[in-house]
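Structure, as structure tokens:
The values are calculated or read from the model by the stated rules, or taken from the named source; none is laboratory data. Since the model is a prediction, treat every value here as computed from it, not as a measurement. Note that we place each Cβ from the backbone using ideal geometry, even for glycine, and neighbour counts take in every protein chain shown. With ligands, DNA and RNA removed, areas are computed over all heavy atoms of the protein, side chains included. Shrake-Rupley method; radii C 1.70, N 1.55, O 1.52, S 1.80 Å.
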Amino acid sequence: AQWHPHARPPQGRLCPARMIFGVGIDLCDAGRLEKSLAKQSFLDHVFAPSEQALLASLGEKRRAETAAANFAAKEAFLMAVLRQKSGAPYFALTGAAAAWVREQGLTVHVSLTHERGLANALVLLEKE
């Protein structure tokens, strides 16, 4: 059986050495972004096409909250946030950011939440 990084190791086994390399956190007010979301130039500058498609599929309130959460994640790590089919967020790293993460041997984790117009993003960089 192979050890899974999120599972507790069996008694007597040592865990692989892992450490936190970096943590980023940001808070964003969804109301702050609402007017900007109406401008295609803003959307093109801040959100990847896949993020724009996700935002377009949401209702007005949820759209602003999701945009704020993604924006907060960008502030926390400065790149595009995507969603798995389950809705869980992940980073789609490209270019220099992808090369840097690979060179550093990092795994990137992201958690997003939003409620009552506030959105929060937490980014954790894990190094083996």
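If the cut-off is 20 Å between C-alpha atoms, which aspartates and glutamates fall inside it for LYS127, apart from same-chain ones fewer than 8 positions away? The reachable aspartates and glutamates, counting only those whose Cα sits under 20 Å from LYS127, are GLU103. A simple packing score, the average count of other Cβ atoms within 10 Å per residue, orders the peptides 54-60, 67-73 as 67-73, 54-60, with the highest score first. Considering only protein heavy atoms and a 1.4 Å probe, what is the carbon-and-sulfur percentage of the accessible area of region 23-84? Carbon and sulfur together cover 54 percent of it. Work through the residues other than CYS28 whose Cβ is under 11 Å from its Cβ and net out their charges, Lys, Arg +1 and Asp, Glu -1. Charge balance in the 11 Å sphere: -2.
Per residue, region 66-128 exposes 52 Å² of accessible surface when a 1.4 Å probe is rolled over the protein heavy atoms with every protein chain present. The value given for region 22-78 is a Kirkwood hydrodynamic radius of 11.4 Å, derived from the mean inverse Cα-Cα separation. The packing ranking of peptides 41-51, 26-36, 94-104, highest mean first, is 26-36, 41-51, 94-104, where packing means the average number of other beta carbon atoms within 10 angstrom of each residue.
Between HIS45 and ARG18, the modelled label-to-label distance comes to 3.8 nm, taking each label 7 Å out from Cα in the direction of the beta carbon. By a 1.4 Å probe calculation restricted to protein chains, LYS39 has an accessible surface near 120 Å², given to the nearest 10.
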